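One structure is given here, and the rest of the page talks about it.
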Amino acid sequence: MKFFRDWQAWHDLVNRVPRVSNQYSTNLYADQAQLARWGEKGRLRVEAIEGAVLLLRRDRDFDHVYHVARDLPALQQALEALPPGRYAADLIGRDDARHHDLCSAYRAAGFDPRTHLRRMIRKRAAFSLPQGNTAVATMADVKCIAAFLDRLLDRFVEQVPEPDELHEAVSGERLLLVRGSSGPTGVLMYDLTGQLAHLRFWHVDPQSRGAGIGRRLMADFLSRCRAAARTVLWVIGDNERSIAIYRHYGFEMDSLLDHIMVRNEDQRR
Ligand SMILES: CC(C)(COP(=O)(O)OP(=O)(O)OC[C@H]1O[C@@H](n2cnc3c(N)ncnc32)[C@H](O)[C@@H]1OP(=O)(O)O)[C@@H](O)C(=O)NCCC(=O)NCCS
């Protein structure tokens, strides 16, 4: 297992994976800037065998797995060779045989399905919610927000943001909150790239749900992103309440799925 430092070596490894088979597969969608950020922090490791390369990204107490593979047997072999540990992979695709085969390769290598996310999209729409009067988070809020999200998110499923991601969101005024007496009661974080907005996190403290805090955050988010042609988000597939609320705000279900597969050696013992 090599620590990831050398871009040329990485490109050479990936370029050695033949792309001729219709079983060629990857779940690595990060761009070079994102990879560089992870690499600089020393979070990436690489494992390569004939026909498949795995990129492992350290996150708290587990690794996210990204693959580039000639075909599914090569992928399965590479996954089976991983040392004992905790791993999670996001497998994005449509609900078709190809995607099921990919999930099966992970299952055969000891990964279990944890849950699935579904993509929802909202097209630009006439906007009529009253202002939410939420606060834009400052650097002083980052520690509390990190603890709030850590408490509410499933780390295997929801790509919990690191403090530096929160700092960037604060700098870009993309982190909104409603403050309570002892920390945030609601947080919403988003990305805005050109005409595309991405709702990353929208969470209200369980004790304060159903009282209008989520609406205030959503109102200010939609107002700030009113120029975006599309707003996308990923929601846990069986979270019926949130799906209903998103529909209420004009989001529609898309056909893309993200199956989260987890291999947890601690549970297997
Ligand atoms: C989703 C969540 C952020 C909403 O926050 P909230 O404070 O509970 O929501 P609110 O009370 O402000 O209600 C928001 C809106 O949804 C509507 N709503 C509530 N329940 C609904 C339901 N079952 N169906 C449709 N609409 C519903 C409310 O009427 C309100 O609409 P309005 O703006 O027209 O008044 C919050 O419940 C939460 O943190 N849930 C768990 C985490 C989560 O699922 N996050 C999002 C997906 S990852």
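Throughout, read-outs are computed from the coordinates displayed, never taken from laboratory work. What you see is a predicted model; the values in this text were computed from it and never measured. Quick reminder, even Gly has a Cβ in these numbers, built from the backbone with ideal geometry, and neighbours come from all protein chains shown.
Scanning segment 93-104 for residues that are within 18 Å of the chain's Cα centre (by Cα) and within 17 Å of residue 54 (Cβ to Cβ) yields one hit, 103. Here segment 234-266 is the region considered, the condition is being exposed (fewer than 13 other Cβ atoms within 10 Å of the Cβ) and not in a helix (DSSP H, G or I), and the residue that is nearest to the ligand (Cβ to nearest atom) is 238.
For segment 29-76, a residue qualifies if it is touching a strand residue (DSSP E or B) at 6+ places or on another chain (Cβ under 9 Å), assigned to a loop (DSSP other than H, G, I, E, B) and of a type in the set (D, E, K, R), and the qualifying residues are 41, 43, 61, 70, 71.
Quick check: is even one residue across segment 46-57 in contact with an Asp or Glu (Cβ under 8 Å, 6 or more places away or on another chain) and among the basic types (Lys, Arg)? Within segment 46-57, one or more residues are in contact with an Asp or Glu (Cβ under 8 Å, 6 or more places away or on another chain) and among the basic types (Lys, Arg). Of all residues in segment 86-111, those satisfying the criterion of being assigned to a strand (DSSP E or B) and in contact with a strand residue (DSSP E or B) (Cβ under 6 Å, 6 or more places away or on another chain) are 86, 87, 88, 89, 90, 91, 92. In this entry, residue 30 is excluded by the filter for residues that are of a type in the set (A, V, I, L, M), within 20 Å of the chain's Cα centre (by Cα) and buried (at least 18 other Cβ atoms within 10 Å of the Cβ). Check segment 150-171 and report whether any residue there is part of a helix (DSSP H, G or I), within 11 Å of the ligand (Cβ to nearest atom) and in contact (Cβ under 8 Å) with a residue 12 or more places away in the chain. Yes, some residue in segment 150-171 is part of a helix (DSSP H, G or I), within 11 Å of the ligand (Cβ to nearest atom) and in contact (Cβ under 8 Å) with a residue 12 or more places away in the chain.
Yes/no matrix, rows are residues, columns are (1) closer than 27 Å to residue 64 by Cβ; (2) among the small types (Gly, Ala, Ser):
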| residue | (1), (2) |
| --- | --- |
| 146 | yes, yes |
| 168 | yes, no |
| 177 | yes, no |
| 216 | no, no |
| 226 | no, no |
| 238 | yes, no |
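Filtered by the rule that a residue be surrounded by 15 or more Cβ atoms within 10 Å (Cβ to Cβ) and over 15 Å from residue 129 (Cβ atoms), segment 216-233 gives 228, 232, 233.
When the residues of segment 186-215 are filtered to those that are more than 20 Å from the chain's Cα centre (by Cα) and within 7 Å of the ligand (Cβ to nearest atom), the one that is surrounded by the fewest Cβ atoms within 10 Å (Cβ to Cβ) is 210.
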